[in-house]
Amino acid sequence: MTFIFFWALSYKCTSTKCRMINANMFKSRFLALAFTILFSLFSSVKIYAQAPANDDFANAISFTFDANGEFETNPAQYTTIGATADGARPAKWGQGPNQSVWFKFIATTNEVNILLDIDGASGTMGRPLLALYENITSDLASAIYRGSSSDIGLSNDALNIGQTYYISVDNAAGQSSYQGSFTLKVADQVTHDYKSAAIPLTFDANEEYHSLPAEFTTQIGTPDEIKGDTWPDGPNQNVWFKFTPHRQTRCPLG
C-alpha cells in the first residue's frame, strides 16, 4: 500500500483572504490524500464469490421424487461459482474435483437416470462433470463433457432401495468461465441408455419408421454391451431401440 503525503511551505499569512486560500488548499489536499488511501485499500482487496450452500458433501441438498418418479430443479437454479473441491475423483473424470456441489436422494427403485442440463436457458456452465456416489470416497458412475456446452447424463440400475446416494456436479478446471449455473433432472428409471429400456419402434402403414428431427441424443449415453462388428471403437455413449419385424426381410440398416 502506498501513502502520499503533501507538504506545504508555511509562510506568514494575516489577511482573511489569505487564510481562506490556505484553508481551501488544505481541504483539497486532505481530500486528495483520503481518496488515495481509500483507493489503495480497495485495490488490495480481492473479492470472492460466496460458496454455494451445497458446496460440501456434508451439506448436500436433499430431494425426493414426485408421483411420476422424477425430480427437476428450476432452470439454472444452482451453480458451481464459488464452490470448492470435495470428494474422491470419479473414474472417468481424469481431473478434479474442482468446484463440486452436492445433492442426495433415497433410492425408491433399483434404477436412476441423471441429466445435467446446461443448454440455453438451462445454464451457463462450461465443460460439465457429473458423478453418482455411494459415499464420498466411492463413485458408482460418472460422466465427462464431450463439448464445452453440451448436456451430459448417466444411469445406474444397481441401487439398493432405501439407501442414500449422492450426486456431484462439477466443471473442468482451467478457466473461471467454466463455472456457472445448471439444471438437474433425475428420474428413478433408467432410459434407453440401457438395453433393458430400449425404446420400441412402431412401423407405419408403409412399414417404415422415422423419428422426429433431432428427437434423440447420445449425450445421456453410457457404454454397455459389446462393440459392433464394424465399429472402430466403443461402445462409448450408445443408446438403444428395439422393433419387431412384420415379415422376414432384409434389414435396411445393415
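Scanning region 52-98 for residues that are free of Cβ contacts under 8 Å to residues at least 60 places away in the same chain and of a type in the set (Ser, Thr, Tyr) yields Ser62, Thr64, Thr84. Out of Thr191, Thr183, Thr222, one residue alone is part of a loop (DSSP other than H, G, I, E, B), of a type in the set (Ser, Thr, Tyr), within 26 Å of Pro97 (Cα to Cα) and touching a residue at least 24 places away in the same chain (Cβ under 8 Å). It is Thr222. Summed over region 132-158, residues that are farther than 23 Å from Asn68 by Cα and among the hydrophobic types (A, V, I, L, M, F, W, C) total 5. Every test in (1) surrounded by 14 or more Cβ atoms within 10 Å (Cβ to Cβ); (2) assigned by TED's automatic domain parsing to the domain that holds Leu132 is passed by Gly174 save one, and that test is (1). So is Thr222 outside the structural domain of Gln77 (by TED's automatic domain parsing), in contact with a Leu (Cβ under 7 Å, 6 or more places away or on another chain) and modelled with pLDDT under 85 or not? In short, yes. Out of Thr183, Thr164, which single residue is at negative phi and surrounded by 15 or more Cβ atoms within 10 Å (Cβ to Cβ)? Exactly one of Thr183, Thr164 is at negative phi and surrounded by 15 or more Cβ atoms within 10 Å (Cβ to Cβ), namely Thr183.
You will find that of Gly174, Gly162, the residue that is at pLDDT 95 or above and of a type in the set (Gly, Ala, Ser) is Gly162 and no other.
Output the number of residues of region 128-161 satisfying the condition of being of a type outside the set (A, V, I, L, M), more than 14 Å from the chain's Cα centre (by Cα) and surrounded by 18 or more Cβ atoms within 10 Å (Cβ to Cβ). Of the residues in region 128-161, 4 are of a type outside the set (A, V, I, L, M), more than 14 Å from the chain's Cα centre (by Cα) and surrounded by 18 or more Cβ atoms within 10 Å (Cβ to Cβ).
Of the numbered criteria (1) touching a Leu at 6+ places or on another chain (Cβ under 8 Å); (2) closer than 20 Å to Gln179 by Cβ; (3) without any contact (Cβ under 8 Å) to a residue 60 or more places away in the chain, the one Asn110 fails is (2). In region 225-251, of all residues being of a type in the set (S, T, N, Q) and at pLDDT 85 or above, the one that is surrounded by the fewest Cβ atoms within 10 Å (Cβ to Cβ) corresponds to Thr230. When the residues of region 90-112 are narrowed to those that are within 15 Å of Ala173 (Cβ to Cβ), of a type in the set (S, T, N, Q) and at pLDDT 95 or above, which ends up surrounded by the most Cβ atoms within 10 Å (Cβ to Cβ)? My answer is Gln99.
The values are calculated or read from the model by the stated rules, or taken from the named source; none is laboratory data. Fair warning: this is a prediction, and the values are worked out from it, not measured in the lab. Quick reminder, even Gly has a Cβ in these numbers, built from the backbone with ideal geometry, and neighbours come from all protein chains shown.
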